[in-house]
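Q: My questions all concern the structure below.
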Amino acid sequence: MIFTLAGPIWRLLPEGFRELILYGLVSAAALAVDWGLLVLLTWAGVDYLLASGVGFCFGIGVAYVLSIRLVFAHRPIADRWREFTGFLGVGLAGLLLTQGLMIVGVEAFGMAPASAKGPTACLVFLFNFTVRRALLFRAPRADIARS
């Protein structure tokens, strides 16, 4: 019964909200790859910083592929290398934002790193989604009026 209702309800949601939900699922999958590689590589004896970088790169790749296949219907940038470079650039900006917010949470507010990570992750998730959608995957003007 729930799955029967899900299709019509899903289609009633605004496109941007549907994309946000799907982007959340894609981000979770990318995080699983990122974190999984970090754990696997450090277990295998790889330095944690190298393992973290490898995991981050693979996570960005997963996020990009799933985002263009499942999340964003509009891809106005014809040059796919340029599109991916922009996607990566936003990810790196999100990483810098993460570091800055973690420093503020831990140093300025005295939060434990694990506690600071929660609100940081939420803010960076919204930043990444909003900027990627606005700069890389925005709908043409005629479609914006309909969504």
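The values are calculated or read from the model by the stated rules, or taken from the named source; none is laboratory data. Quick caveat, the model's predicted, so the values are computed rather than measured. When we count neighbours, we look across all protein chains shown, and the Cβ atoms used for this are built from the backbone with ideal geometry, even at glycine. Accessible surface is based on the protein model in full, side chains and every heavy atom, while ligands, DNA and RNA are left aside. Shrake-Rupley method; radii C 1.70, N 1.55, O 1.52, S 1.80 Å.
Q: Filter the range 43-53 for residues that are surrounded by fewer than 16 Cβ atoms within 10 Å (Cβ to Cβ) and closer than 24 Å to GLY94 by Cα; which is modelled with the lowest pLDDT?
A: LEU49
Q: Pick out the one residue from PHE125, PHE84 that is among the aromatic types (Phe, Trp, Tyr), surrounded by 14 or more Cβ atoms within 10 Å (Cβ to Cβ) and over 11 Å from the mean Cα position of the chain (by Cα).
A: Unique residue meeting the criteria: PHE84.
Q: Answer with yes or no whether ILE9 is of a type in the set (Val, Ile, Thr) and either part of a loop (DSSP other than H, G, I, E, B) or closer than 25 Å to ARG141 by Cβ (or both).
A: no
Q: Over 15 Å from the mean Cα position of the chain (by Cα), at pLDDT below 90 and open to solvent by 80 Å² or more (accessible area, probe 1.4 Å): which single residue out of ALA116, ALA112, ALA145 fits that description?
A: ALA145
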